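Q: Sharing a structure, written as structure tokens. Questions coming.
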Amino acid sequence: MAGGALGLYRRILLLHRALPPALRALGDRYVKEEFRKHKAAGPAEAQRFLREWENYAALIQQQINEDKQKLREKTVYGIRLTEEKLNDFRDEQIGQLKELMDEATKPHKKITVSKDSEHKT
């Protein structure tokens, strides 16, 4: 993946600054891990990977804007995954999704944002 990936990566980390601290920490960790895993992806996989992350960035941007404008009482970030979408996932992706869900739903776990998750310009 080339320069477009780096720009998208930075954009996502910047968007995460507007998220609640626990979501930001979780999201930053996940984004970093996924972009590292896909550094050597082939062209078709890289294109699909970047398209999905572009969609994610657009969705998060929209939800952040709605939160700022107070269009909803409580902002919910992300989307519900349909059964059809889940059926398209590989076993590895289902495992990652389960790990994310477990991490995100742990009761009262204090998550700290490390210096590594700060955006560097």
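Q: Do any helices (runs of 4 or more DSSP H) entirely within the stretch 1-97 hold 1 or more residues that are among the small types (Gly, Ala, Ser), and if so, which?
A: Those helices (runs of 4 or more DSSP H) span 3-16, 21-37, 43-68.
Q: Do you know which residues across the stretch 19-43 are hydrophobic (A, V, I, L, M, F, W, C), more than 17 Å from residue 104 (Cα to Cα) and open to solvent by less than 70 Å² (accessible area, probe 1.4 Å)?
A: Result: 35, 41.
Q: Kindly indicate whether residue 28 is of a type in the set (Asp, Glu), modelled with pLDDT of 90 or more and at negative phi.
A: yes
Q: Sticking with this one: Since residue 11 meets every condition but one in (1) of a type in the set (D, E, K, R); (2) in contact (Cβ under 8 Å) with a residue 40 or more places away in the chain; (3) closer than 24 Å to residue 105 by Cα, which condition does it not meet?
A: (3)
Q: Within the stretch 45-76, can you find the residues that are at pLDDT 90 or above and open to solvent by 100 Å² or more (accessible area, probe 1.4 Å)?
A: Residues satisfying the conditions are 47, 48, 51.
The values are calculated or read from the model by the stated rules, or taken from the named source; none is laboratory data. Note that the structure is a prediction, hence the values are computed from the model and not measured. As a convention, Cβ positions derive from the backbone with ideal geometry for all residues, glycine included, and neighbour counts pool all protein chains shown. Ligands, DNA and RNA are stripped out before the accessible areas are found, and what is left, the full protein with its side chains, is counted by its heavy atoms. Shrake-Rupley method; radii C 1.70, N 1.55, O 1.52, S 1.80 Å.
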